[in-house]
Amino acid sequence: ISLLNENHEPVVSWRIESAYPVRLSYSDLDAYGRGPLMETLEICCEGIRVVNE
C-alpha cells in the first residue's frame, strides 16, 4: 500500500503480508449533495512493515 502526493508519487509505502478483507463499507450517498462517496476497506494481516522508496 502506498500513500501518494499530489503528483501521484509515493511518499511512504507499507508491505502487508498474508492479508485478507474483513469488511467493506460505504458512506451515505446524497443525491443532492456534492460530497464524495467514501469507500472503506478493512483488512486483517499477519504483518506490516514500512518500505522506504
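Please treat every number below as a calculation from the coordinates, not as lab data. Predicted model only: the values in this text are computed from it and were never measured. FYI the Cβ positions are ideal-geometry reconstructions off the backbone, even for glycines, and counts take in every protein chain you see.
Brief remarks on what is shown
- Cut-off under 5 Å, modelled amide H: who pairs with Ile43 long-range: Val22
- Long-range tail of P(r) for the chain (Cα pairs > 15 Å, %): 65
- Mean Cβ count within 10 Å, highest first, over the residues of peptides 33-39, 10-16: 10-16, 33-39
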